[in-house]
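Structure, as structure tokens:
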Amino acid sequence: REKEGKTPVSLRFFVDEDVYNELPEAGFKEPLALNDERIPAKLSDDIKTMMNVRAIKAGENYLAGSDKMSKLTLSVYKAKSFAVKNNGNNWYLVGDAAMGVPYFRSLNAGMIMGSQLAGIVSNNILNDNGKLNAYNALVPLDTKWEFATAKNKDNALKAYDMFTKASAKVPWEIIKWNKRQVKSFKNREHKAFKPK
């Protein structure tokens, strides 16, 4: 959204384990600048190329000093139990508290699990222990589904990456930049990468 003529832009790069391990720690509180020499050259070149494409093709104007880079792990986890009795009360875990799945699957899972939990809790046939047992029996099926879906998405992204690398070399590619344009995207200087 534009605010006072400025629009925040986020670029996400999925990197392999080697590049991830080369990157220094960088979080939201202590991000890296794009001109940080510790960023692996391959990743830095890819980011610069993408920013140049956006500048050339979309007319994007970079605001000096506004770049911030964070390093995030797309982890997968799930709780040992999703529903427990604590001090006589039933406690239920939903969403990120119940499981973490990459590619925004946790959000989807949280909405699905929340709806399922609402159905179980509002069921007048089950007693409190029955509700705990029903939720604990149902949610592991959700976690298996979400973990499998995330794995499939990961595989699809890898296949897409291989496809784009192969298709970039064929003459019938739909979006094809000539060699001069590609060289411009890759070699053009960008303000974000100049030393301070």
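The values are calculated or read from the model by the stated rules, or taken from the named source; none is laboratory data. A quick note: this is a predicted structure, and the numbers were derived from the prediction, not measured. FYI the Cβ positions are ideal-geometry reconstructions off the backbone, even for glycines, and counts take in every protein chain you see. Side chains included, ligands, DNA and RNA excluded: accessible areas come from the protein's heavy atoms. Shrake-Rupley method; radii C 1.70, N 1.55, O 1.52, S 1.80 Å.
Gyration tensor over the Cα atoms of the stretch 1-117: the corresponding equivalent ellipsoid has semi-axes (square roots of 5 times the eigenvalues, largest first) of 37, 19, 13 Å. Extension gain, A55-N108: 0.36 nm per intervening residue step, less the Cα-Cα distance, totals 15.7 nm.
Rounded to the nearest 0.05, what FRET efficiency do K151 and S66 give with R0 = 35 Å and r taken as the Cβ-Cβ distance? Could you check? Step by step, r from the Cβ atoms, then E = 0.50. From its DSSP helices (H runs of at least four residues, each -39,500 (n - 2.57)), the chain gives a residue-normalised ellipticity at 222 nm of -15500 deg cm²/dmol.
Take the Cβ atoms of A79 and E4, set R0 to 41 Å, and the FRET efficiency comes out at 0.45. What FRET efficiency do you get for D16 and N187 if R0 is 25 Å and r is their Cβ-Cβ distance, rounded to the nearest 0.05? Once the sixth-power term is evaluated, E becomes 0.55. Annotation for D161 and I125: the two label points, set 7 Å from Cα along the Cα-Cβ direction, are 4.8 nm apart. Scaled against 2.2 N^0.38 Å for its residue count N, the alpha carbon radius of gyration of the stretch 109-163 is 1.61. Would you work out what percent of the accessible area of the chain, with all protein chains in place, is carbon or sulfur (probe 1.4 Å)? Ligands and nucleic acids excluded, carbon and sulfur reach 56 percent. Dividing the Cα radius of gyration of the chain by its Kirkwood radius returns 1.11 for Rg/Rh. Surface analysis of the chain yields an accessible area of 73 Å² per residue, using protein heavy atoms and a 1.4 Å probe.
Straight-distance candidates among the lysines for linking to K179, with alpha-carbon spacing under 27 Å and chain neighbours fewer than 8 residues away dropped: K42, K48, K57, K158, K165, K169, K191, K194. Cross-link reach is defined here as a Cα-Cα straight distance under 28 Å, omitting same-chain residues fewer than 8 places apart; for K131 the lysines meeting it are K78, K80, K85, K144.
Rolling a 1.4 Å probe over the protein chains gives S81 an accessible area of about 60 Å².
How high is the relative contact order of the stretch 50-150, given as a whole-number percent (alpha carbon pairs under 8 Å, six or more residues apart)? Value for the stretch 50-150: 26 percent.
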